[in-house]
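Notes for the one structure printed next.
We did not get these values from a lab; they are worked out from the coordinates using the rules stated. It should be emphasised that the depicted structure is a prediction, and the values quoted were computed from it without experimental measurement. Every residue, glycine among them, receives a Cβ derived from its backbone with ideal geometry; neighbour counts consider all protein chains shown.
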Amino acid sequence: MAELGELLVSAVAAGCIYGLMALAYLLILRPTGIINFALGEWAMLGAFAAVAASGDLLLPALQLPHAAAFAVVLVVTGLIGALVEVATVRPLVERGAPLLSPILALLGVLVVGLQVGTLVGGTEALPSPPPFGFRRVELGPFAGTPQSYYTIAVTLGVFIAAWVFFERTIWGKRFEAVAINRRAAALMGINLRQVGLLAFAASGMVCGVVGMLAAGASGAFYQMGLPLAIQGFTALVIGGVGRVEGALLGGLILGLVEALAARYLPIPPTLVLGVPLVLLILFLLVRPTGLLKAREGGA
Amino acid sequence: MKVSGTLIRLTAGAVAIAAVSTLPALAADPIKIGVITDETGRAAFYAQPVTEGVKLAAKEINAKGGILGRQIELVIEDDGGKPDVSATKARKLVDAGVVAFISNSSSPATQQAETVSLETKTPHITPANSGETLATELKNPYFFQLGPLASTQIKTLMSYTRTRKFKKVAVVGDNSGLSKIIADVFEKSLKGNGIEVAVAEIIPMGSRTAVPQMQKVRAAEPEAIFQAGIVGPQMAQFFQAYHQLGMKQPILASFNLSIPSYLKVAKDMMEGVAFIDAYDPDKPKTKEFIALYKKEHGDEPFSLPGYGYDGLHFIADAIVRAGSTDKEKIRAAMASTKGWSGVMGAKGATVNLSDEDRRGFDPEGAVVRLIHNNNHGPAIHSGTK
């Protein structure tokens, strides 16, 4: 029982990271229809920004407190998102390019992001001490590190904020309107440019949260982006692209399946590596819309 | 004021004397020695410190008047760790007139550069590469390997393992190519020594936690854990899970943990980890090297610069023994090296080379060290007996 408690905390914390990545996809995908695979690299850049801002290796002089470092990371990755939208996506969309064009352009952004990451951070893993230290913390039957509980708490905060945004604010309604029918939304006076820009900036900020949390857990590493992009995409497919809660649900399911398979499936560890991909393929075949359906109309 | 004036005059005098004494050396052309390093690629994190050692040795030799009355001039090229580029860079060095060159980049890059040393008949050494077949794959009489072979390192770790009398162990790595190779070698050698591998686990690259894998390891109740990992974040997760799950088993690791950057990925979590190295900080020659390095750089060296330092001293020694900068004569001097010793290797270890065996590292020369206070600590075991 104690063992399951340990496993659950780490699996849920991992699932939260996947869920956040899925949310970052969703924020762009809902209003624009674009799948942005460069998200993983944004999270990687966020992790490097986190290491730099907390002053461990890149800029030893700069030793911001955690909250300030967090803010810096959000600004950096939010700007990256906005900049990418303005520089690569907007020109293509406004010239009426097919949807595939911005997706390919964003793959280019992925490569650029990876190279920038190696230039900034080098090819060694850069450690970043966890903001709340490292020890075993037991809460009832559960046991985890401060960083794993922190990850879960921050993720809940982000998802509550996203839910309030979509369900309770006029901006959220605009996003939904654009998602349901782009042309009609434009005719109703919704500024598509603003929605697009905000979607990319918000997605960038969510990637920044991921980078910050990942850096505190196992440091910043130039190759950390692609796995995050794949894990987030898998979580998105599982949970469904229609609703914010779906991203979190998909992430948690992926995290739990991964951990339970690695721990209890009586198969060689090399085969366990394939379990998340089997899950992805199963969902694409059997339930391509994911577990949670979009409300009214759908995308 | 007066005192400092005298001091200045004294210093100026000393500088003038030093300049005069090195004049004959300056009069002759310098001896060019090539270095292929990796400054930007995947081997950079070990190639760069090794090259630092080469530079330190060049400075030391030149300060003492050089060799054969001539100064040494290093010609350094960066191959980015890429085998195809490495051969091109080797050719560039030979065209620049080097009498010998050193490969500090990755083993595959060195393998490619060998085609050039063979073709151009240029003495070529690798001081640090541990690739098993570097000196046997190609019949290249101009190439010499001074670093400890991977098999020597594993045998040394197994010899240490026998002294600990483990019966049942675990092997944990990641899914990078190199880690898989190390984990395989660990498993085979452990079984060969009659030790049961109770569980072999992989922490996949990009995973966010190693708790499931380490729970499996804990449940198998091994007496020790062999760490075969390479990738930094997964190494960090291994140590985090180990501590979080309250595990106490001794950890034995590959020679990768002799690379200092790993000390930072899991700071404060690696106390007592045993790893393989080829460097004993208590050896007199090594102590001299440490003092010299400290004077130059201000901090203590890890083992990596020692490889490069030995590499250049080995070439300089061969040139002196050859009494000439003729490439054939240098090669012959290298191939007849007997009982040469440098900074690297356990106490009493020597480098021996011949035309039949161009792998010079003493089979009994590798050591097992412990990590202590986030640093590489003392050597506690050496040799394979």
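Run through all the Cα pairs of the stretch A:156-232 and give the fraction in each 5 Å bin from 0, expressed as whole percent.
3, 13, 19, 20, 15, 13, 10, 6, 2, 0
Cα atoms only, the stretch B:219-377: Rg and Dmax in Å?
Here Rg and the maximum Cα pair distance are 19.1, 64 Å.
Over chain B, what relative contact order in percent results from Cα pairs under 8 Å that are six or more residues apart?
Contact order relative to length: 17 percent.
For chain B, what number results from the quotient of the Cα radius of gyration and 2.2 N^0.38 Å?
Its radius of gyration relative to the 2.2 N^0.38 Å reference: 1.07.
Using only Cα atoms, locate the centre of the stretch B:285-326 and the centre of the stretch B:222-258, then give the distance between them in Å, rounded to an integer.
Their Cα centres are 33 Å away from one another.
With label points built 7 Å along Cα→Cβ from the Cα atoms of A:TRP171 and B:SER324, find their separation and express it in nm.
So the two model labels end up 8.1 nm from each other.
Starting from the Cα of A:GLU138, move 7 Å in the Cα-to-Cβ direction to define the label point; list residues of the stretch B:228-243 whose amide nitrogen is under 16 Å from there.
So the set is B:243.
Would you mind giving the three semi-axes, in whole Å and largest first, of the ellipsoid equivalent to the stretch A:146-294 according to its Cα gyration tensor?
Gyration-tensor ellipsoid for the stretch A:146-294: 31, 19, 13 Å.
What FRET efficiency, computed as 1/(1 + (r/R0)^6) with R0 = 60 Å and r the Cβ-Cβ distance, is obtained for A:ALA71 and B:ALA28, rounded to the nearest 0.05?
Taking R0 as 60 Å, the efficiency between A:ALA71 and B:ALA28 is 0.45.
Within the stretch A:102-183, list the trypsin sites (Lys or Arg not before Pro) lying in a DSSP loop whose Cβ has at most 12 other Cβ atoms in a 10 Å radius.
Those satisfying the criteria are A:ARG135.
Relative contact order, percent, of the stretch A:180-253 when contacts are C-alpha pairs under 8 Å separated by at least 6 residues?
It comes to 16 percent, rounded to a whole number.
Between B:TYR279 and residues 5 or more places away or on another chain, which pairs have amide H atoms under 5 Å apart, with H built 1.01 Å from N, and which residues are they?
Those qualifying (amide H under 5 Å, at least 5 residues apart or on another chain) are B:GLY345, B:VAL367.
Starting from the Cα of B:GLU221, step 7 Å along the direction of its Cβ; do the same at B:GLU196; then give the gap between the two resulting points in nm.
So the two model labels end up 1.0 nm from each other.
With bins 5 Å wide starting at 0, give me the P(r) of the stretch A:1-77 over every alpha carbon pair, in whole percents.
Result, from short to long distances: 3, 14, 16, 17, 15, 15, 11, 7, 2, 0 percent.
B:ALA332 label point, 7 Å along Cα→Cβ, cut-off 19 Å on backbone N: hits in the stretch B:347-365?
Residues passing the 19 Å test: B:353-358.
Give me the net charge of A:MET224's neighbourhood, meaning all other residues with Cβ under 15 Å from the Cβ of A:MET224; Lys, Arg count +1, Asp, Glu -1.
For residues surrounding A:MET224, the net value is -2.
Could you give the DSSP H helices of chain A that reach 18 angstrom or more along their long axis (alpha carbon positions) and whose average Kyte-Doolittle hydropathy is no lower than -1.0?
Qualifying helices, which must be both long enough and hydrophobic enough, are A:2-32, A:39-53, A:66-84, A:100-121, A:146-168, A:192-218, A:225-239, A:244-264.
What value, in deg cm²/dmol to 500, does the helix sum -39500 (n - 2.57) over DSSP H runs of n ≥ 4 give at 222 nm once divided by the residues of the protein assembly as shown?
-18000 deg cm²/dmol
Tell me the label-point distance for the pair A:ALA186, A:ALA87, using the 7 Å Cα-to-Cβ offset, in nm and rounded to one decimal.
2.5 nm
If you average the sequence gap of Cα pairs under 8 Å that are 6 or more apart and divide by the length of the stretch B:262-371, what percent do you get for the contact order?
With pairs under 8 Å counted, the relative contact order is 34 percent.
With just the Cα atoms defining each centre, how far is the stretch A:127-161 from the stretch B:156-170? Give it in Å.
With the stretch A:127-161 and the stretch B:156-170 each reduced to a Cα centre, they are spaced 37 Å.
Wrap a convex hull around the Cα atoms of the stretch B:83-138, take a quarter of its surface area, and give that in square nanometres.
If I average the Cα hull's projected area over directions, I get 3.3 nm².
Can you give me the long-range amide H partners of B:VAL75? Hydrogens built in the peptide plane at 1.01 Å from N, cutoff under 5 Å, separation of 5 or more residues or another chain.
B:ILE33, B:GLY34, B:VAL35
Placing one identical point scatterer on every Cα of the protein assembly as shown and ignoring solvent, what is log10 I(q)/I(0) from the Debye formula at q = 0.06, 0.07, 0.10 Å⁻¹?
Log10 of I(q)/I(0), two decimals: -0.42, -0.56, -0.98.
Quick one: which residues, 5+ away or cross-chain, put their amide H under 5 Å from the amide H of B:PHE226? H built at 1.01 Å from N.
Answer set, sorted by chain and number: B:ALA170, B:VAL171, B:VAL172, B:LEU252.
A 23 angstrom limit on the alpha carbon distance is what I want to check against. Which of B:LYS55/B:LYS180; B:LYS59/B:LYS139; B:LYS285/B:LYS338; B:LYS92/B:LYS285; B:LYS64/B:LYS294 exceed it?
Flagged as over cut-off: B:LYS55/B:LYS180; B:LYS59/B:LYS139; B:LYS92/B:LYS285.
Relative to the present Cα-Cα distance, how much length would full extension add between B:ALA96 and B:GLU39 at 0.36 nm per residue of separation?
Extra length from B:ALA96 to B:GLU39 when fully extended: 18.5 nm.
When you take every Cα atom in the stretch B:108-191, what is the radius of gyration, and what is Dmax, the widest Cα pair distance, in Å?
My reading of the Cα-based Rg and Dmax gives 16.3, 52 Å.
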